[in-house]
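K.L.:
The structure that follows is given in the form of structure tokens.
Bear in mind that the values in this text are calculations on the coordinates, not laboratory data. A quick note: this is a predicted structure, and the numbers were derived from the prediction, not measured. Cβ sites come from the backbone with ideal geometry, for glycine too, and all protein chains shown count toward neighbours.
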Amino acid sequence: MGVAGWDYDDWKGPVYPVPAPRGFDPLAWLSGWFDLVEVNSAFYRPASGKAVRSWLSRVEGRPDFRAAREELDILAGAGRLGAALLQFPWSFKRNEDSREWLRAVTGALRGLPLVLEVRHASWNVPELYASLSAQGIGFVNLDQPIFRNSLAPSAVATAQVGYVRIHGRNAQDWFREGATRDERYDYLYTPEELRPWAERVRQIAASPRVTDVHVVTNNHFAGQEVVNALQLRSMLEGRKVEAPETLFGSYGPALAPFAVPVTSPSSSRPSAEPRRDGPPS
């Protein structure tokens, strides 16, 4: 269970302590509460320096994944790569050009644990699932605002890695021209909306081929994804879980049935020190 990203100014206060303690590291802090953190910045802008220099750059019309592959191999070698997420927007529809693009991408990243997220309903065909299964590529089950020809929620398992991404349901801003990233992902799920996803996660985990299920909330604005991730964990574990006491100032009524406030996670949770043998971040 985890969240997408960690570098959000609007998390200061609702999620991160203010003022922050000296030497405060948001990623290390989050790793104390969650087993998984998605590195999602590359979807919005190319990284630089020692980070991933280019994920989807083109050379003579072909994808160049050498830099991305190098960085992913480093993470995999350290035992920290849970999956490489290949995410495509609703506008990426199933046709011969897009299928050729996918073949090039997956070929360049062969040998890594890959999961594919597509959002347009044209991909909901048996051929896709059969192809992913044959290649050992996971299918990303997603929750998103339902729009014309949008993929609906599912519980599909096509590889050892099962994957779920919870984006929010802000249909008003999802496709609105000029809407900012924060506006699109400004949504807090109710427990009633999350419970069907807890059941889908159980279904995915029950698949005989699945060894790990990654569940990521992505409705990040103002720390709402942290709240919903903790609620989902509570539903899956059947108990109240520990939650940062900072969250209770803004989300106390939503969290109270599912979590108890603590200043730092107990020793039963992962520590802020990265674990060499633990789940990825």
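K.L.:
Could you identify the single residue in Gly107, Gly111, Gly79, Gly136 that is more than 21 Å from Asn218 (Cα to Cα) and touching a residue at least 60 places away in the same chain (Cβ under 8 Å)?
P.N.:
Being more than 21 Å from Asn218 (Cα to Cα) and touching a residue at least 60 places away in the same chain (Cβ under 8 Å) holds for just one of Gly107, Gly111, Gly79, Gly136, which is Gly79.
K.L.:
Restricting the search to region 1-21, which residues are part of a strand (DSSP E or B) and under 9 Å from His220 (Cα atoms)?
P.N.:
Residues satisfying the conditions are Val3, Ala4.
K.L.:
Is there any pair linking a residue in region 221-243 that is under 15 Å from Tyr8 (Cβ atoms) to one that is of a type in the set (Asp, Glu) and surrounded by fewer than 19 Cβ atoms within 10 Å (Cβ to Cβ), with Cβ under 6 Å and at least six apart or on different chains, and which?
P.N.:
Phe221/Asp182; Ala222/Asp10
K.L.:
To continue, here is another question. Of everything in region 154-208, what is among the polar types (S, T, N, Q), over 19 Å from Asn124 (Cβ atoms) and in contact (Cβ under 8 Å) with a residue 12 or more places away in the chain? Give them in sequence order.
P.N.:
Residues satisfying the conditions are Gln160, Asn170.
K.L.:
Ser98 fails exactly one of the following numbered conditions: (1) surrounded by 15 or more Cβ atoms within 10 Å (Cβ to Cβ); (2) under 21 Å from Arg209 (Cα atoms). What is the number of that condition?
P.N.:
Evaluating Ser98 over (1) surrounded by 15 or more Cβ atoms within 10 Å (Cβ to Cβ); (2) under 21 Å from Arg209 (Cα atoms) leaves (2) as the failure.
Yes/no matrix, rows are residues, columns are (1) surrounded by 14 or more Cβ atoms within 10 Å (Cβ to Cβ); (2) touching a Pro at 6+ places or on another chain (Cβ under 7 Å); (3) basic (Lys, Arg); (4) under 24 Å from Val213 (Cα atoms):
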{"site": "Leu72", "(1), (2), (3), (4)": "yes, no, no, yes"}
{"site": "Gly77", "(1), (2), (3), (4)": "no, no, no, yes"}
{"site": "Gly82", "(1), (2), (3), (4)": "yes, yes, no, yes"}
{"site": "Phe88", "(1), (2), (3), (4)": "yes, no, no, yes"}
{"site": "Val105", "(1), (2), (3), (4)": "yes, yes, no, yes"}
